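The values are calculated or read from the model by the stated rules, or taken from the named source; none is laboratory data. These figures come from a predicted structure and were not determined experimentally. Cβ: placed from backbone, ideal geometry, glycine included. Neighbour counts: every protein chain shown.
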Amino acid sequence: MGNKYSDDMLGTMSMGRLLAKLSIPATIGMMVNALYNVVDTIYIGRGVGALAIGGLTISFPFQMIVMAIGMTIGVGSASVISRNLGSGNREKAYRAAGTALSVSVLIGLIIMIGGTVFLDNILRLFGASDTLLGYARSYLSVILLGVPLISFSMTSNNLVRAEGKAMIAMISMLIGTVMNIILDPIFIFVFQMGIKGAAIATVISQGLSFIFLFYFFVSGRSSLKIKTSYLIPNFILFKEMVLIGLPAFIRQAGGSVLAVIMNNVLLVYGGDLAIASYGVLNRLLMFILMPIFGVVQGFQPIAGYNYGAEKFDRVQNSIKLSIIITTSMATISFLAGILFPEFFINLFTTDEKLISLSVNGLRRVILFIPLIGVQIIGAAFFQSVGKALPSLILGMSRQIIFLIPFVLIFPYFMGLNGIWLSFPAADIGATLVTLAWLLKELKSLGILHLEKTEKVIS
């Protein structure tokens with residue numbers, strides 16, 4: 001009975017209450033996860049030094065690739081599952097879940113092996129100088145061992161949210177993050193393992209999340225029945241997942257490509273310290289964006305389920321309410337960053353040059369961050385309802401279509417400040433494109449709702 005309620009509430013519960021029920025646990029989980037990244041960088045910056053933050057920054061594009069693959073499988077399968085639960089096709093939903101879980105582990109193993117073999121080549125490509133290479137190698141060589149666990153956990157959390165159990169996903173993230181925050185200082189300071197200790201703490205913590213999620217599925221607590229036969233990858237379902245999840249991959253992989261370009265451009269215009277500064281700013285941006293993505297994770301199963309159930313008025317309401325919430329959250333973060341930049345930067349380091357560089361960067365990077373809610377919700381909507389093309393384009397818009405070209409062009413005229421100003425310029429461009437597409441879709445949903453209402457009346 002409880003599983004049925006989890007499914008049915010997506011189409012019946014009041015929108016404000018439903019969005020809160022699904023978004024608040026996801027938002028808490030994402031905030032805690034973002035807090036881990038911030039605290040991890042603080043420990044490394046204060047325990048090892050400013051250049052160690054640079055080494056961490058060099059490693060980050062690889063981690064983003066892993067997250068991109070996990071998000072692709074997770075978001076794509078979540079869309080398939082939500083829509084099929086909404087239309088009553090549970091068998092297809094179960095097979096999609098099994099395929100997603102098995103493929104995520106398989107791909108994780110391939111990445112782990114390939115990354116280990118070509119580690120130094122990858123780090124050089126990612127912008128590692130001779131100074132930063134040792135730090136980056138120490139960190140990423142350990143992280144690679146946990147890639148299959150990270151990939152499984154990311155995919156699983158999306159599946160859990162797709163069946164309306166956001167609290168389980170939140171607990172999973174809390175387990176990994178809280179343990180990481182606890183273990184970090186032990187390995188860094190007590191065992192004096194430096195940046196490698198931070199990586200070991202991360203892998204152990206992700207292993208605990210993996211155990212929790214694995215038990216959730218095999219214990220029967222999930223409404224998604226995972227039989228052994230369902231774990232054999234279904235190519236047709238996998239193809240559908242990849243097509244739907246491709247925008248998530250492009251957005252995340254685009255972030256990885258952006259980070260590689262940023263590292264190399266920063267090395268030219270600012271050196272190792274500028275790369276470290278970007279590492280600090282990137283962590284702060286993640287802390288701003290992660291709560292917004294928490295709302296997105298609550299929004300997506302609602303939009304997908306109600307679209308599949310042809311409840312178009314509820315889809316419209318979910319879009320509008322989600323945009324209001326995410327814009328408010330982004331505005332609060334903007335005000336905090338503009339008014340108190342020194343406070344946030346001082347948390348990471350005592351290096352005066354790094355502090356000055358990062359304060360200057362932060363004030364420029366977040367200039368138009370309040371617009372980001374429209375862009376993220378718009379792209380997530382098209383993804384949730386299985387409209388691959390607009391989702392793909394909107395997913396690419398901020399980082400690939402606008403930001404990467406700006407990062408390559410602006411510094412030629414404005415130096416290091418040009419790199420920082422590329423971010424607000426990209427926010428404006430991506431939001432305008434998303435808004436135009438989203439308004440058209442909202443109008444279309446209104447027409448579909450009116451037609452359905454007229455049929456019911458007649």
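Quick notes on this one:
- Residues of segment 266-290 that turn out to be farther than 13 Å from residue 60 by Cβ and either surrounded by fewer than 23 Cβ atoms within 10 Å (Cβ to Cβ) or among the aromatic types (Phe, Trp, Tyr) (or both), as a count: 11
- Cβ separations smaller than 6 Å between residues 6+ apart or across chains give the following pairs from segment 299-313 residues that are in contact (Cβ under 8 Å) with a residue 40 or more places away in the chain to residues that are crowded, with 24+ Cβ neighbours inside 10 Å and of a type in the set (Phe, Trp, Tyr): 303/381.
- Considering only residues in segment 1-16 that are at pLDDT 80 or above and assigned to a helix (DSSP H, G or I), the one that is surrounded by the most Cβ atoms within 10 Å (Cβ to Cβ) turns out to be 10.
- Top-ranked residue in segment 87-122 [being under 17 Å from residue 230 (Cα atoms) and of a type in the set (S, T, N, Q); ranked as surrounded by the fewest Cβ atoms within 10 Å (Cβ to Cβ)]: 89
- Looking only at segment 193-221, and only at residues there that are among the small types (Gly, Ala, Ser) and touching a helix residue (DSSP H, G or I) at 6+ places or on another chain (Cβ under 6 Å), the one that is nearest to residue 164 (Cα to Cα): 209
- Exactly one residue out of 331, 326 is buried (at least 17 other Cβ atoms within 10 Å of the Cβ), part of a helix (DSSP H, G or I), modelled with pLDDT of 95 or more and among the β-branched types (Val, Ile, Thr): that is 326.
- Just one residue in the set 310, 240 is touching a helix residue (DSSP H, G or I) at 6+ places or on another chain (Cβ under 8 Å) and on the phi < 0 side of the Ramachandran plot; that residue is 240.
- Meets criteria (in contact (Cβ under 8 Å) with a residue 12 or more places away in the chain, buried (at least 17 other Cβ atoms within 10 Å of the Cβ), small (Gly, Ala, Ser) and in contact with a Phe, Trp or Tyr (Cβ under 7 Å, 6 or more places away or on another chain)) for residue 253: no
- Being touching a helix residue (DSSP H, G or I) at 6+ places or on another chain (Cβ under 6 Å), over 20 Å from residue 98 (Cβ atoms), modelled with pLDDT of 90 or more and of a type outside the set (Asp, Glu) is a property that residue 254 lacks.
- Of note, residue 381 satisfies the criterion of being within 23 Å of residue 302 (Cβ to Cβ) and among the aromatic types (Phe, Trp, Tyr).
- Criterion violated by residue 222 - all others in (1) within 22 Å of the chain's Cα centre (by Cα); (2) hydroxyl-bearing (Ser, Thr, Tyr); (3) not in a helix (DSSP H, G or I) satisfied: (1)
- Spans of helices (runs of 4 or more DSSP H) in segment 44-149 with at least 2 residues basic (Lys, Arg) and in contact (Cβ under 8 Å) with a residue 24 or more places away in the chain: 90-117
- The condition of being modelled with pLDDT of 85 or more, hydrophobic (A, V, I, L, M, F, W, C) and either surrounded by fewer than 22 Cβ atoms within 10 Å (Cβ to Cβ) or touching a strand residue (DSSP E or B) at 6+ places or on another chain (Cβ under 7 Å) (or both) holds for only one of 19, 35, that being 19.
- When segment 338-356 is filtered for residues that are crowded, with 22+ Cβ neighbours inside 10 Å and not aromatic (Phe, Trp, Tyr), the ones remaining, listed by number, are 345, 349, 354.
- Residues that are in contact (Cβ under 8 Å) with a residue 12 or more places away in the chain, under 16 Å from residue 444 (Cα atoms) and either surrounded by fewer than 24 Cβ atoms within 10 Å (Cβ to Cβ) or hydrophobic (A, V, I, L, M, F, W, C) (or both) within segment 361-393 comprise 381, 382, 385, 386, 390, listed in sequence order.
- In the set (1) at pLDDT below 90; (2) in a helix (DSSP H, G or I), residue 376 fails one condition alone, (1).
- Only one of the listed residues (357, 408, 367, 421) is modelled with pLDDT of 90 or more and outside any helix (DSSP H, G or I). That residue is 367.
- Of all the listed residues (242, 160, 203, 178), the sole one being part of a helix (DSSP H, G or I) and either in contact with a strand residue (DSSP E or B) (Cβ under 6 Å, 6 or more places away or on another chain) or crowded, with 24+ Cβ neighbours inside 10 Å (or both) is 160.
- Criterion (more than 30 Å from residue 302 (Cβ to Cβ) and polar (S, T, N, Q)) met by exactly one of 129, 79: 129
- Any hit, segment 216-224, residues being farther than 29 Å from residue 380 by Cβ and either touching a strand residue (DSSP E or B) at 6+ places or on another chain (Cβ under 6 Å) or hydroxyl-bearing (Ser, Thr, Tyr) (or both): yes
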